[in-house]
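Following: one structure in structure tokens, then a few remarks.
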Amino acid sequence: MLTLYVTAVRELSCGVKDFCFTMMPLVPVRDSMAMDNLRLPKSTEKSKAANKKLEYPLIQHHKPSDLCRGAGPWLALSVKTLSFDEAQERYEDEANVGVDAAHGTGLRFQVLASGLRNLKELHLSSNKFNDNILSSLSGFSTLKSLDLSNNMFTGSTGLNGLRNLEILNLDSNDFKESILIESLGALPSLKTLHASGSNFKYFGKGLCNSSSLEEVFLDGSSLPASFLRNIGPLSTLKVLSLTAVDFHSTLPAQGWCELNNLEQLYLAGNNLKGMLPPCLGNLSFLQVLDLSDNQLNGNIASSHLSHLKQLRYLLVSNNYFQVPISFGSFMNLSNLKLFDCDNNELITAPSFQPSAPKFQLRYFSASNCAKKPLKAGFPNFLQSQYDLVFVDLSHNKFMGEPFPSWLFENNTKLNRLYLRDTSFIGGPLQLPQHPTPNLQTVVMSGNNIHGQVARNICSIFPRLKNFMMANNSLTGCIPPCFGNMSSLRYLDLSNNQMSCELLEHNLPTVGSSFWFLKLSNNNFSGRLPPSVFNMTYLYYLFLDGNKFTGQVSSIFSLASSCLWLDISNNLLSGMLPRGIGNSSENQPDGIDLSRNHFEGTIPIEYFNSSGLEFLDLSENNLSGSIPLGFHAPYLLYVHLYGNRLSGPLPYDFYNLSSLVTLDLGDNNLTGPIPNWIDTLSELSIFVLKSNQFNGKLPHQLCLLRKLSILDLSENNFSGLLPSCLSDLDFTASDEKSVANTYGSSRDDGSWEELLASIGGRELENKSFIIGDFFLWPEISAKISVELTAKKNFYTYKGDVLSYISVMDLSCNRFTGEIPIEWGNISGIYALNLSQNNLTGLIPPSFSKLKQIESLDLSYNNLNGRIPAQLVELNFLEVFNVSYNNLSGRTPEWKYQFATFDESSYKGNPLLCGPPLQNSCNKTESPSARVPNNSNRDDGLIDMDSFYASFGVFYIVVVLTIAAVLCINPHWRRRWFYFIEECIDTCYCFFAINFPKLSRFRR
């Protein structure tokens, strides 16, 4: 039901009441204070008596200062003579307003318009209105703002009669006709048009007849390719926003270049190609130009951008421009305040350049523009800049350049400084002599900075919030003043050489807003201070890769806010700390306590955290069984390998339908793989190696369609190999390589303060955010799996793991033949079936394993020839069929097979050909000349038959001799006499020679 709702009433100084209405299909809510003063019309009272059900208008109270200012979607009315009672009766009785808008039925607004003669704003968004209502809106002659967004208009009906309309919102509609857009040119007062996210099959030229239109916003819309060529007649246009329209073409040399009064032009994300046309220089009033996220190219110095004397904000990031590092072509743009050219190419400047630019930049970003060492060095024009607020030169190779400490000295207004991975000459971090009071973010990770962090850093940067100095060569300890720095939020000093005991006064206090701490891979030692675990707002704590010692369980009290805890790879001991995930307040996402010396059993709390996604307790001394009766519905990654756990696989894993990784290798677990294993439908990594599992492989294992790493090696599995394993895709997956946190904090300091300091009023009006940097927690929880491949043990970690597909069933008791269907596992990277009891032939279908790099079939009882088709495996690096009963000629010695030596074939005495020393006969018997893909034997000796016949012959001979000795007494006496004579001879030999041997040893 679409109803007119009253949201606020206030008395103006002139005695006129101002109403703020919303016409949204909301659920009515009673407000007792307002309902007491509401008198319903008689027709409504009759309806109430008849139906015994009444939906009252939604009434909300606001402070007077909040009225009619956008506290939600609302309809603003300035009513002089119409009381609410009269309006309500007119709406219900005369205008029949209460029509069901949810079914897209149009409303007749004529009577409504006659009663609201001074209506200024009408919001009808997010309904199902169609073109039928457009003609009935002509009665609102005083309307200045009309919102028709997110409806079902097709553009077949024009909008007429709204002579005072200044702002029109047509966002999110599908215009199949151009009549509506054509009619907008006849609205004499229209200044602003919003039609973002809409589809325009036709965009007529009628709009270009407008003599008042100043702002057009069509972001994310679908426009005809001719739009930019036809928009030239809109001479009054000042703002044109066409972000993410996807023109997928070059910029035309006519049309849009004729908009001589244009002040703001947004063309980002449109797949624009080619060079900038010269006519761009005609836009002499242009102040904001956004060409980012396209495929534009050419030397930006040779473009006509230097003619835009009024230009204040220039954004060309994520293109293929060549940008001279001197920026000499922009030296005369005295109004330039912001320049963003990320992800382009910095090039050496011409020899002659102006000495100093006329502009004073406040925002300069040129990250990832010099992937190769830049001969021209650092942008020295920055030395003449004194108003910089934001600087980002990350991911550039300024080889041989010292750290630009003058950036601090010259720019006292500096708020954010990003110099990540810039390859500066190693040296200490030089701080300015005088404080930089506005600096909040310093990011200088991945450089060659060494020495200690200055102890007076807190007085030099008193408002420091985010300090990132990871991947340097820092030494010493954390400055003690950080403990009293209330502004500090984010601290990353990981991957340095810092060494000291971590004391409580080195870190912010419990009541601070400190939310991220990463000290990974340093040399911090001693015991962990208790306060580090219970900081009030600490979300992420990374202390892994250090030398912390002692027991944690006695001091552990994890703060309720903690989302990720990583104290892995230390020297911690004792029992696993409790107090994790045992309450509704403490629900971490990730826990990593691996590679320590923890012992005892695993507390059930580790599996009972309802929000837990990542759990790694691997490489400790944990014992006992895996806890029973746990509930962790969102658990994705479980790593328990390298402990002394025992018992079967708990049934509780049955409910972990989202599980991606289950690594239980190197334990003492027993029992079969349960039949419910197919409920783990998202499982990608399944590792049970080096345990004592047994039994046959269940067919449910074949239902794990996303499985890409299956390692069941070094167990006691038996039976036949399931042919249905060929149904597995073994495809790449990013989900199995890294655990995402989804947490972030926008590095805005105070965004309003930063925007104001840049002078971004124009950008703010468009809600366009520049430099919207996010501080993503750099989680090092990359999934790692140790696999046996290519004859060695390899630990695959992170991104590489995404593309690895492995099946290792080695060192078990599997019998029977290798299924021919396994040749269909086309995406597999390594297959290891060694050290089993497999028989039969090597399937010729293995030639279809085009991606395989390692194939190990050694130590089995395979027979027959090696299929010659295997030489087609172009990526094969390891091939091992040693110690089988293979026979015949080895595969042709070419391609990858020319790299395999004799060790790949040894233990097969009936094999011949290179690289073996056995040469095959020049003339083979007809029985040996069989096709390579034949299923028959090759005509040589069957070793099984040979051993069986030899055993029978040996037993027959022994029994015959025994029978003769029993029947013939003479031969029996001679036999025993012979045995006695042999014993006496041996005794005499040792009795005579033993003393001589003893003397020889002395």
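Data table
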read-out	value
Between the range 482-498 and the range 852-890, the Cα center-to-center distance that results, in Å	56
Environment charge of LEU159, counting only residues whose C-beta is closer than 12 Å and scoring Lys/Arg +1, Asp/Glu -1	-1
Separation between Cα centres of the range 296-314 and the range 170-214, rounded to whole Å	30
Coil-residue chymotrypsin sites (Phe, Trp or Tyr not before Pro) of the range 341-410, DSSP, other Cβ within 10 Å capped at 11	PHE352
Using θ = phi - 60° and Karplus 6.51 cos²θ - 1.76 cosθ + 1.60, couplings along the range 848-859 (whole Hz; Gly, Pro as x)	8, 7, 5, 9, 5, 10, 9, 10, 10, 10, 6, 6
Per-residue Cβ neighbour rank within 10 angstrom, fewest leading, GLU401, GLU182	GLU401, GLU182
Rounded, prolate or oblate (a/c below 1.5 giving rounded, otherwise prolate when a/b exceeds b/c) for the range 671-712 by Cα gyration tensor	oblate
Sparse-neighbourhood loop sites, trypsin sites (Lys or Arg not before Pro) in the range 137-224 - DSSP loop, at most 14 other Cβ within 10 angstrom	ARG163, LYS176, LYS201
For the range 360-475: rounded, prolate or oblate by the Cα gyration tensor [a/c cutoff 1.5]	oblate
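A short reminder: the numbers here are calculations on the coordinates, not readings from a lab. For clarity, every value in this text was computed on a predicted model and none was experimentally measured. Using ideal geometry, Cβ is built from the backbone for each residue, glycine included, and neighbour counts are taken over all protein chains shown.
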